[in-house]
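So the structure is just underneath, and the comments pick up after that.
The values are calculated or read from the model by the stated rules, or taken from the named source; none is laboratory data. Just so it is clear, the structure is predicted and the values come from calculations on it, not from any experiment. Methodologically, a virtual Cβ is constructed for each residue, glycine included, from the backbone with ideal geometry; neighbour enumeration extends over all protein chains shown. Just the protein is used for accessible areas: all its heavy atoms, side chains included, with ligands, DNA and RNA removed. Shrake-Rupley method; radii C 1.70, N 1.55, O 1.52, S 1.80 Å.
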Amino acid sequence: MLDLGGEYQLCADEIRAAIEAVLESRQFIGGPAVIELEKALSSRVGVEHAVAVSSGTDALLCTMMGLDIGHGDEVILPAFTFFATAGSVARLGAKPVFVDIDPRTFNVDPDKIEAAITDRTRAIIAVHLFGQCAEMNAINAIATRHHLTVIEDAAQAIGAAYHGRPAGALGDVACVSFYPTKNLGGFGEGGMIFTSDEHLAGIARQLRNHGESQRYVHERVGGNFRLDTMKAAILLVRLRYLDQFTKRRRDNAARYNALLEEVPVTTPYVPAHQTEVYHQYSILCDRRDELRSFLQKRGVHSAVYYPVPLHLQKCFAFVGCRRGSLPVTEQLCDRILSLPCHPMLTEADLQYVASGVQEFYARFAPTCATASDTHGATEPRSANVGKE
Ligand SMILES: Cc1ncc(COP(=O)(O)O)c(C=O)c1O
């Protein structure tokens, strides 16, 4: 699914030089590299403030601590996401309120949000899953009507855009991850908070450093959510490659869309107003687990994000959902499959992966339903692939 070694080789000299400079500086926490990374990303995303933190999870946690979300509060979010989105809510004593998703985009269905709002709701977390933004116009309109904060979980979506505006600048505050597998992946854990709210940014800066306002003066209880200097220096190098790597992901997706055109699977649905960055290239398919083993036997890795929806996880039993509560989410968990889409794939790799999928359906599942039969996508499946 990844070729981190190949990506590293492309920029190895620059990374070694960046590490060397940090070693020479003898500053290992914070410092100029962290400030430079914050500046580079805030100006790229188009927000006033960026606060570097220790992971995407800590970005979510720190953001919600900064918003004073806690016991008695509710936060609306999809159950079809990585655990951290909901885990961070629950860690603060608040209740995650799970809402179903749109079967085509895999992101939260705005039409289902309003019914989940109560007088305890404080925020909506809009997850931009797999590199495509949630429907932010509709989500922001609902939030404004009900005086709620919109938190973007943009962990998987750095570089994505919605109506031409970058992910990270679409809500009140946004959280990204620099986990090594992410499109802007670092060498270790890391994350960032984006906001144009100066007050919230100031609180987040304190919270990442045990709530300190001045040395040994603590206005609130925070934690150690700081980003290491070395990681920031490496991310600054990786950032220089982000656009070309994103283009390769988009080109790979366009090739898959063409190669899988006649195959009875549903390729990603990308409305024209979305600039998708393909953190994952995910198809919907029948007989998913058999297809996966078939590909594995041919040496092709694939992945299931996510096999168990969050509302059915034991630790969230207190939320009160059961099987059947979120039918679209549950159905997708059984049918989703992500194919390798990383920037180091060659044309031969793409053809090999696609031919495996083709062969599986030709040999073993000739009667599977077609994509349009099952999901009724209304726009061309490859709507804006390859467009900038
Ligand atoms: C949607 C989503 N939210 C949050 C996170 C948490 O980020 P991290 O792994 O950096 O803590 C991730 C990372 O995997 C993610 O994919």
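Listed values, structure above:
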quantity: Complete set of residues in region 68-90 that are more than 16 Å from the ligand (Cβ to nearest atom) and not in a loop (DSSP other than H, G, I, E, B); calculated: Glu74
quantity: Of the criteria (1) closer than 30 Å to Asp111 by Cα; (2) open to solvent by 20 Å² or more (accessible area, probe 1.4 Å), which one Ile142 fails; calculated: (2)
quantity: Among (1) in contact (Cβ under 8 Å) with a residue 12 or more places away in the chain; (2) open to solvent by 20 Å² or more (accessible area, probe 1.4 Å), the one test that Ala362 misses; calculated: (1)
quantity: Test: residue in region 266-276 that is hydrophobic (A, V, I, L, M, F, W, C), closer than 28 Å to Ser42 by Cβ and under 17 Å from the mean Cα position of the chain (by Cα); calculated: yes
quantity: Search result, residues across region 184-233 that are in a loop (DSSP other than H, G, I, E, B) and away from the ligand (no atom under 15 Å from the Cβ); calculated: Ser196, Asp197, His210, Gly211, Arg215, Tyr216, Glu219, Arg220, Val221, Gly222
quantity: Matching residues, region 35-67, being touching a helix residue (DSSP H, G or I) at 6+ places or on another chain (Cβ under 7 Å), assigned to a helix (DSSP H, G or I) and within 16 Å of the ligand (Cβ to nearest atom); calculated: Leu37, Gly56, Thr57, Leu60, Leu61, Cys62, Thr63, Met64, Met65
quantity: Set Tyr256, Tyr278: member being assigned by TED's automatic domain parsing to the domain that holds Asp349, crowded, with 24+ Cβ neighbours inside 10 Å and away from the ligand (no atom under 16 Å from the Cβ); calculated: Tyr256
quantity: Residue satisfying all of: in region 204-222; under 24 Å from the mean Cα position of the chain (by Cα) and open to solvent by 10 Å² or more (accessible area, probe 1.4 Å); nearest to Arg91 (Cα to Cα) among these; calculated: Arg208
quantity: Set Ala94, Ala143, Ala138: member being more than 15 Å from the ligand (Cβ to nearest atom), over 18 Å from the mean Cα position of the chain (by Cα), within 30 Å of Ala253 (Cα to Cα) and free of Cβ contacts under 8 Å to residues at least 40 places away in the same chain; calculated: Ala138
